[in-house]
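Here is the structure we will look at.
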Amino acid sequence: MKIKKAVITAAGFGSRFLPITKTIPKELLPIVDKPIIQYLVEECKEAGIEEVIIVASPGEVAKFEDYFYGSATNIRTLMIRQGKLDRWDKVEQVFRLPKITIMPQDERLPYGNGRPVLTAKDLVNGDEAFVVMWGDDVVLSQKSAVAQIVEFYESTHCDGVLAVQEVPDDEVSRYGIVKLKEGTSDEVEAVIEKPKQGAAPSNLASYGRYVLTPRIFDYLVPDAVGLDGELWLQDANDQLAKHGVLKVKVVEGEWMTTGDPLRYMKAATKFALKRGDIGEEFEEFLKNIVF
């Protein structure tokens, strides 16, 4: 059955980026000339997703609406007057993205990364699987990460798929690391959060790309709080793995987080270097920086 919907969580505070996130949601910060979240929506478009549901903090909904739906006719008029309408083509690309539904996070639910997913339950809870994406994870790849996990899900029988990337031994303590069921190469037993080096069950780090089925809502419920009294999607995934079949897909490409200023700048640099219009000149600039 074709996957038609995706949920992007964009309801965090972005406190590591203050003061800019006082005004601009972290997911709208630019990587070159597009906001982080547009790269995620474009992944969905490549995968054939028909509707993207963005769950935002209540006070930020209008800012996402303005970006994805704002007509900016004054800018278009100026581009026409200056004979630079080709610059407007990038804006038209935004309007040609899949249907985008922006909804406020339900603040009555327990805090945690499961809250925005549970907020969107009524929009995705049916017979079909759906995609979930963390709004601060980006993937640099030939084929979009979403397309890869969707194709994997459609080719195998399971109740969900976690995108994973192999990480070095000295980085396992930073991530949720997958423990596979004995005798399998891709079935999840559990995800161990930030294991110590030497105690990690594998080098497979789970990150913000998932295919889930409505069965996740058997376990992602308001009273299923875990560590620090928070509602964790991974706790629900662990229960799904225990009672069903949850698989991993090693995505071809490079996963990067934009969750803090340093990693955001690293991701922006790598994306810029891959740009056909500026990449070569930017690389030359970086090589010639003198401190």
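The values are calculated or read from the model by the stated rules, or taken from the named source; none is laboratory data. Note that this is a predicted model, so its numbers are computed, not measured. Glycine also receives a Cβ, built like all others from the backbone with ideal geometry; neighbour counts cover every protein chain displayed.
Kindly indicate which of LEU162, LEU204 is closer than 16 Å to GLY244 by Cα, of a type in the set (A, V, I, L, M) and either at pLDDT 95 or above or touching a strand residue (DSSP E or B) at 6+ places or on another chain (Cβ under 6 Å) (or both). Lay out the reasoning, then the answer.
Details: LEU204 fails: closer than 16 Å to GLY244 by Cα.
On inspection, the qualifying residue turns out to be LEU162.
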**Request:** Go through (1) touching an Asp or Glu at 6+ places or on another chain (Cβ under 6 Å); (2) at pLDDT 95 or above one by one and return the number of the condition GLY176 breaks.
**Result:** (2)
**Message:** I need the full set of residues from the range 221-259 which are within 28 Å of PHE17 (Cβ to Cβ), surrounded by 15 or more Cβ atoms within 10 Å (Cβ to Cβ) and not small (Gly, Ala, Ser), in order please.
**Reply:** VAL225, LEU231, TRP232, LEU233, GLN234, ASP235, ASN237, VAL251, TRP255, MET256, THR257, THR258
**Request:** Among what's in the range 165-191 and is small (Gly, Ala, Ser) and over 20 Å from the mean Cα position of the chain (by Cα), pick the residue that is farthest from SER202 (Cα to Cα).
**Result:** GLY183
**Request:** Output yes when any residue across the range 210-221 is modelled with pLDDT under 95 and either of a type in the set (A, V, I, L, M) or part of a strand (DSSP E or B) (or both), and no when none is.
**Result:** no
**Asked** Are any residues in the range 125-150 in contact with a strand residue (DSSP E or B) (Cβ under 8 Å, 6 or more places away or on another chain) and at pLDDT below 95, and if so, which ones?
**Response** GLU128, ASP136
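Name the residue, out of SER185, SER173, SER155, SER141, that is under 25 Å from LYS4 (Cβ atoms) and free of Cβ contacts under 8 Å to residues at least 60 places away in the same chain.
Answer to the selection: SER155.
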**Message:** Tell me yes or no: at least one residue of the range 229-248 is assigned to a helix (DSSP H, G or I), over 24 Å from VAL161 (Cβ atoms), of a type in the set (D, E, K, R) and in contact (Cβ under 8 Å) with a residue 12 or more places away in the chain.
**Reply:** no
**Message:** Here is a check on your reading of the model: is LYS63 in contact with a strand residue (DSSP E or B) (Cβ under 9 Å, 6 or more places away or on another chain) and under 16 Å from THR23 (Cα atoms)?
**Reply:** yes
**Message:** Please go through the range 176-211 and give me each residue that is within 21 Å of TYR111 (Cα to Cα) and in contact with a Phe, Trp or Tyr (Cβ under 6 Å, 6 or more places away or on another chain), ordered by number.
**Reply:** TYR207, GLY208
**Asked** Taking strands (runs of 3 or more DSSP E) that do not extend beyond the range 117-172, which have at least 3 residues that are of a type in the set (A, V, I, L, M) and closer than 23 Å to LYS194 by Cβ?
**Response** 160-166
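One line per residue, one yes/no per condition, for (1) of a type in the set (Ser, Thr, Tyr); (2) under 18 Å from the mean Cα position of the chain (by Cα); (3) at pLDDT below 95; (4) closer than 16 Å to MET265 by Cα:
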{"site": "ILE20", "(1), (2), (3), (4)": "no, no, no, yes"}
{"site": "LYS26", "(1), (2), (3), (4)": "no, yes, no, yes"}
{"site": "PRO30", "(1), (2), (3), (4)": "no, yes, no, yes"}
{"site": "ASP33", "(1), (2), (3), (4)": "no, no, no, yes"}
{"site": "ILE36", "(1), (2), (3), (4)": "no, yes, no, yes"}
{"site": "CYS44", "(1), (2), (3), (4)": "no, yes, no, no"}
{"site": "GLU50", "(1), (2), (3), (4)": "no, yes, no, no"}
{"site": "VAL55", "(1), (2), (3), (4)": "no, yes, no, no"}
{"site": "GLU60", "(1), (2), (3), (4)": "no, yes, no, no"}
**Message:** Would you confirm, using the coordinates I've provided, whether ALA190 is crowded, with 17+ Cβ neighbours inside 10 Å and of a type in the set (A, V, I, L, M)?
**Reply:** yes
**Prompt:** Hey, among SER206, SER155, which residue is among the polar types (S, T, N, Q) and surrounded by fewer than 16 Cβ atoms within 10 Å (Cβ to Cβ)?
**Reply:** SER155
**Prompt:** Mind checking which residues of the range 1-52 are in contact with a Ser or Thr (Cβ under 8 Å, 6 or more places away or on another chain), part of a helix (DSSP H, G or I) and of a type in the set (Val, Ile, Thr)?
**Reply:** THR21, ILE36
**Message:** If I ask for residues that are touching an Asp or Glu at 6+ places or on another chain (Cβ under 7 Å) and of a type in the set (D, E, K, R), which ones from the range 2-26 would you list?
**Reply:** LYS4, LYS5, ARG16, LYS26
**Prompt:** Is it true that some residue in the range 93-100 is buried (at least 16 other Cβ atoms within 10 Å of the Cβ), not acidic (Asp, Glu) and not in a helix (DSSP H, G or I)?
**Reply:** yes
